[in-house]
Amino acid sequence: MKDQKTIDYTQTFYHGTKAVLKPDDLIEVGFHSNYGKRKQAKYIYLSATLDAAIWGAELAQGEGAERIYIVEPTGSIEDDPNLTDKKFPGNPTKSYRSQHPFKVIGEVTEWQGHAPEQLQAMKKHLEALKAKGIEAIEE
């Protein structure tokens, strides 16, 4: 992995999804991605901001409830190039990825989602990219 980060275990990390998990579960690579063509995921993603995790939960595929978990990386993490290299230089979203599992520590049960019009605009943008053949997640 390039530009690996030293993990600050005093930092809180979040993972947004629709998967039902419990404390001590591991989130691992190898499952189908929640985004794009839903290929087998080579990386898993986390953020040190609740807002980025909310986007992850809101945009995840599936029928389940949107969930945000507090997670702990078990290995090295790197900046998420899907965001930090293309959209937000300097990584203000504090978004990262890893090939190492994340351990579920707990769940954020009270959070405010994005405004419906903001969420719809994001989904419309992602659909436009998809129509152009541009993947939301590049690995």
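Which ordering of T10, T93, T49 is given by a fewest-first count of other beta-carbon atoms within 10 Å?
T10, T49, T93
Given a Förster radius of 22 Å and the C-beta distance between T74 and E107 as r, what FRET efficiency does 1/(1 + (r/R0)^6) yield to the nearest 0.05?
E between T74 and E107, to the nearest 0.05, is 0.75.
Fewest first, what order do V71, V29 take by the number of other Cβ atoms within 10 Å?
By the 10 Å Cβ count, ascending, the order reads V29, V71.
Read-outs: derived from the displayed coordinates by stated rules, not from any lab. Predicted model only: the values in this text are computed from it and were never measured. Heads up, the Cβs are rebuilt from the backbone with ideal geometry, glycines too, and the neighbour counts pull from every protein chain shown.
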